[in-house]
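The structure appears below as structure tokens.
The values are calculated or read from the model by the stated rules, or taken from the named source; none is laboratory data. On a predicted model such as this, the values are computed, not experimentally measured, just so you know. Cβ placement follows ideal geometry from the backbone for every residue including glycine, while neighbour counts extend to all protein chains displayed.
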Amino acid sequence: MPTHTCVEDLRQQYLRRVPRMFVDYAESGSYQEETLAANRRDFEAIKFHQRILVDVSKRSTASTLLGEPVSLPLAIAPVGLLGMQHADGEIHAARAANALGIPFCLSTMSVASIEDVAAETGKPFWFQLYVMRDRKFITKLIARAAAANCSALVLTVDLQVLGQRHRDVKNGLSVPPRMTIPNILNIATKPRWVKQILSTKRRSFGNIVGHVTGVADTRSLGAWTADQFDPTLNWGDVKWIRDQWKGKLILKGIMSADDAEKAVNAGADAIVVSNHGGRQLDGAPSSIAALPRIAGAVGNRTEVLIDGGITSGQNLMRALALGARGAMIGKAMVYGLGAAGEEGVRQVIGYIRQELDLTMALTGVNKVSEIDRHVLADWTSNQGPL
């Protein structure tokens, strides 16, 4: 068994084990990938203020998200096609999150269905919703999430149209994989992955196939999905969903203070500062660059989460210092899942928790609630990330 000490170690194993088309799906951004690069680069520019001779013997990474206790202020982000990164991937990731005391969020475009995850884990989870043209299907999907005892609905608001990711187009990304010669040759070098996928019956979009009239297989699914992302989506639809969903509501994809204000007025219990991992509007700012203004605008009226670039405990600490209540991880979780299934996801969460704990110690804080801008070097109230 390889010796791992950090997320990057798991990423290297992931690259060896998972077919290229699904690696590219996880790692790529839209167009020139400027925003994808900024998500990481802008975190690295933020430096810490090291403190010495502070009693940090009673440190704890425990916190709360949406009023629920968590072992650290982190959640698993909704990622489509997890079941293609590892067989039954959504179930493996949910079990890891449950074991380590953080929320798991299931994507609309998951391979395992809402009902599968509920039955296999037995614990509440968050469900991410894409609002599609077929509103009857969306109404049923919301009802299914409620029936499965999902504890929060995460409404993604930045996908009215699908950003073009060149690598996905070139790879002919599909579920199951499109059997082009390059894809066949690449998959042939991943025998472990092939064995896993052949061991499960979950190889399609479980929340959609069989639940939409006329969509009974992957062939009919492709035509349906291509026409379903809805450019008419607006704040009226958020109200429509708020009226139907009685639980916690999170709006994911907020990148401006004005939209954050509207989210608060629409009844959002939390927002996620997110540029969709650099996969939608290329040339948009990084999530961490947008965070301080948004957090300052909404204050304590809603919980502010962030995603995009959270691959370490240090980056989680930086986000907390700039006003986030917590963060969501996508890519880092995928690396662990593809590398080693549930155990790999557990390792990723563990590494981030350990790194957060150590960074807290070296900046002189004992509680997550003590983390603010004073832990950052050369920070004044009118500055953004350095």
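With respect to the stated conditions, ILE310 is modelled with pLDDT of 95 or more, surrounded by 19 or more Cβ atoms within 10 Å (Cβ to Cβ) and closer than 26 Å to VAL23 by Cα. HIS211: at pLDDT 75 or above and either polar (S, T, N, Q) or farther than 26 Å from GLY253 by Cα (or both), yes or no? Yes: the conditions hold for HIS211.
Would you call LEU53 within 19 Å of TYR335 (Cβ to Cβ) and not basic (Lys, Arg)?
On the way: within 19 Å of TYR335 (Cβ to Cβ): no; not basic (Lys, Arg): yes.
Criteria not met by LEU53.
When PRO124, PRO103, PRO73, PRO78 are checked against the criterion of being closer than 26 Å to ASP227 by Cα, surrounded by 16 or more Cβ atoms within 10 Å (Cβ to Cβ) and touching a residue at least 24 places away in the same chain (Cβ under 8 Å), PRO78 stands alone in meeting it. Taken over segment 159-189, the criterion of being assigned to a loop (DSSP other than H, G, I, E, B) and modelled with pLDDT of 75 or more is satisfied by LEU159, GLN160, VAL161, LEU162, GLY163, GLN164, ARG165, THR180, ALA188, THR189. Residues in segment 156-172 that are β-branched (Val, Ile, Thr) and either in contact with a strand residue (DSSP E or B) (Cβ under 7 Å, 6 or more places away or on another chain) or crowded, with 17+ Cβ neighbours inside 10 Å (or both): THR156, VAL157, VAL161. Surrounded by 24 or more Cβ atoms within 10 Å (Cβ to Cβ), in contact (Cβ under 8 Å) with a residue 12 or more places away in the chain, farther than 24 Å from GLU343 by Cα and not acidic (Asp, Glu): is that true of LEU153 in this structure? Yes.
Filtered by the rule that a residue be among the small types (Gly, Ala, Ser) and either part of a loop (DSSP other than H, G, I, E, B) or surrounded by fewer than 16 Cβ atoms within 10 Å (Cβ to Cβ) (or both), segment 127-145 gives a lone residue, ALA143. Evaluated against (1) in contact with a Leu (Cβ under 8 Å, 6 or more places away or on another chain); (2) buried (at least 16 other Cβ atoms within 10 Å of the Cβ); (3) among the basic types (Lys, Arg), ARG51 falls short on exactly one condition, (2). Please tell me if ARG242 is basic (Lys, Arg), modelled with pLDDT of 90 or more and either in contact with an Asp or Glu (Cβ under 9 Å, 6 or more places away or on another chain) or farther than 15 Å from GLY83 by Cα (or both). When the stated conditions are applied, ARG242 passes them.
The set of residues from segment 88-112 being over 14 Å from the mean Cα position of the chain (by Cα), part of a loop (DSSP other than H, G, I, E, B) and at pLDDT 95 or above comprises ASP88, GLY101, ALA112.
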